[in-house]
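Novice: Pasting a structure here, questions to come.
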Amino acid sequence: MEIWGALILMPSEPFFFIQLSDPQLGLMADRGQVSPEQGIAPEVALFEAAIAEANRLQPDFVVVTGDLSQNNMDPVEVGEIKRIGGQLHPSIPIYWAPGNRDTSYGNVASAELIERYRQEFGPDFHAFTHKGVTFVVLSSTVIFDPSQVPDEWERQLEFVGSELAASVERGDGERIIFSHHPLFTADPDEENAGSNLPLVRRRPLLELFRRHDVSAVFAGHLHRNNYARDGDMLMVVTSAVGFQGGDDGSGYRVVKVLRDRIEHEYYRFDSGPESVSL
């Protein structure tokens, strides 16, 4: 496990949230890790464990950074995700971000899937504030390849710029981004890959983030943990609730927004803390 920190401006009150990513019901069976007869049952159990941990630790909120199901908004998979998410205590808000398996076919954003996602989970990109901190949720599949929905990319870029500018104008203590795809995995100027957002759209986003002093981006997609920086801005990738692409183990990330820094740590489901102190 690793702990990283970053100096930030002061929130109105310290708090913590839990990031979950890639429950991706159906991927294990697709990859042959479990039998077809087992289907989505192992991933259902893991997502239930994630929600149980959130109920035990009582964060201010939970965010799920995409790839909710494997099979493009399959009704059964989506139904189970919503059923399990509904087990979260009513006092704990849950925020959803779409992944490539949710709103794209072959990694090309789909207007049809975006609309289905919005019907099931609400806006695919949005923002909220909590205790003087602004959070912006990206629809990163649109950013990855908007060739079939170019207006969606333009609307989203305008929205992100507007929300960040409004946050600075309000004097919010901090700005944090949630995304399924990481912007980059090692260097802000690295070459395009399936593991990052293309440079042609990464650069205008990074320009906005630098201009408005965004301190962290929390993403998923890689099914393993990964840590990078752009100056003072953290680029944190959280491993999956479900299928693992490395040796991190299924788990969740606890993120503390403190008075002078952000701290975060990844926990396997079998090694979570007894409680979270601020």
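Novice: Out of V276, V241, report the one residue that is closer than 22 Å to Q33 by Cβ and part of a loop (DSSP other than H, G, I, E, B).
Specialist: Every option except V241 fails the conditions.
Novice: Is it true that some residue in segment 95-108 is touching a residue at least 24 places away in the same chain (Cβ under 8 Å), of a type in the set (S, T, N, Q) and closer than 16 Å to F47 by Cα?
Specialist: First, pick out the residues of segment 95-108 that are touching a residue at least 24 places away in the same chain (Cβ under 8 Å): 95-105, 107-108.
When the remaining residues are screened for being of a type in the set (S, T, N, Q), the result is 100, 103-104, 107.
Filter once more, keeping what is closer than 16 Å to F47 by Cα: none.
No: zero hits.
Novice: Follow-up question, since we're still on this one. For segment 24-53: of the residues being among the charged types (D, E, K, R) and more than 18 Å from N72 (Cα to Cα), which is surrounded by the most Cβ atoms within 10 Å (Cβ to Cβ)?
Specialist: Checked segment 24-53; the qualifying residue surrounded by the most Cβ atoms within 10 Å (Cβ to Cβ) is E53.
Novice: Given (1) crowded, with 18+ Cβ neighbours inside 10 Å; (2) under 18 Å from the mean Cα position of the chain (by Cα); (3) not aliphatic (A, V, I, L, M), identify the lone condition not met by P188.
Specialist: Going through the list (1) crowded, with 18+ Cβ neighbours inside 10 Å; (2) under 18 Å from the mean Cα position of the chain (by Cα); (3) not aliphatic (A, V, I, L, M), P188 breaks only (2).
Novice: Output the residues belonging to segment 142-181 that are among the hydroxyl-bearing types (S, T, Y) and surrounded by fewer than 22 Cβ atoms within 10 Å (Cβ to Cβ). Break it down stepwise before answering.
Specialist: Initial filter on segment 142-181 (among the hydroxyl-bearing types (S, T, Y)): 147, 162, 167, 179.
Residues satisfying the conditions are S147, S162.
FYI, it's all coordinate maths here, none of it is from the lab. Not measured: the values here are computed from a predicted model. So basically every Cβ, Gly included, is an ideal-geometry build from the backbone, and we count neighbours across all protein chains shown.
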